[in-house]
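The values are calculated or read from the model by the stated rules, or taken from the named source; none is laboratory data. As the structure is a prediction and not an experimental result, all values here were calculated from the model. Reconstructed Cβ throughout: ideal geometry from the backbone, glycine too, with neighbour counts over all protein chains shown.
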Amino acid sequence: MQGRKLYILVFLLAAVHGLDAQSLRVKNFANHQVINDTVYIQSTDNGGWVGAESLGIRIIVENIGMTTIEVGARKIELEKLQKDVQHTICFAGQCYDTGTYESPFHLTMPTGTSDSGFTAHYLFDNKVHIRGINHITYEFYDVNNPSDSVVVNVVYNTVVALGVIDYNISKLNIFPVPAKEQIGISGLPSQKTNIILYDLQGRKIYTTQTNGEVLYTIPISGFAKGMYVIDMDGQMVRVLVD
């Protein structure tokens, strides 16, 4: 009888642990450059022609959980896009207009399966477009458990000369993980750096500019628990606040 009780306890603990486990992961970014969980998509236009230019990405999502789940997808624009930019997504066999931020259709994914049907399209008009950088997050989540999700941060750079990263990425460190009272950032460049903290709804929570400090701290006491995105002059890193 004692052994049976122990078996039931172990089973229940495993079940609870399974509820907290991550069920989704991003399997592939379709060969785009990936640095610190951020995908960089660079304009290839040489400025010698006038017309529309399209930047895009295909993201492969995999269900690594133990059960079949309904997967949803959404786009989060971390700043207002120029009027000439048409930013759209396709998911679950449908493509949507620029005003659709969350896919109204979901995808049924059995355990162990992958889906390559998500694409995002960033189209702009060279005749009026002012070249710059936009940060966009794509989130994939369990419809019945939205906290079980995975995000992909994308930097769309329409500036022909790539200048997003001007410091040594390998030295950049965000600590502690998870963060509670403050977020520490080490390995910053010795020149001034613009730092912006976003929540996953794209709202700016904190903005500052360093004076060349290579180590900087962001006070987060009172911040809601969850995932945030730190933007450091185009370099985006996720951070968990607990």
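Here are some notes:
- Annotation note: of TYR156, TYR141, TYR167, the sole residue that is modelled with pLDDT under 90 and in a strand (DSSP E or B) is TYR156.
- Of all the residues in the stretch 133-149, those that are surrounded by fewer than 18 Cβ atoms within 10 Å (Cβ to Cβ) and either small (Gly, Ala, Ser) or under 9 Å from the mean Cα position of the chain (by Cα) (or both) number 1.
- Only one of the numbered conditions (1) surrounded by fewer than 14 Cβ atoms within 10 Å (Cβ to Cβ); (2) within 22 Å of the chain's Cα centre (by Cα) is violated by ILE130, and that is (2).
- Check on THR100, surrounded by 14 or more Cβ atoms within 10 Å (Cβ to Cβ), without any contact (Cβ under 8 Å) to a residue 24 or more places away in the chain and in the same structural domain as ASN28 (by TED's automatic domain parsing): yes
- Residue list for the stretch 209-225, filter: closer than 20 Å to GLU181 by Cβ and surrounded by 12 or more Cβ atoms within 10 Å (Cβ to Cβ): THR210, GLU213, TYR216, THR217, ILE218, ILE220, PHE223
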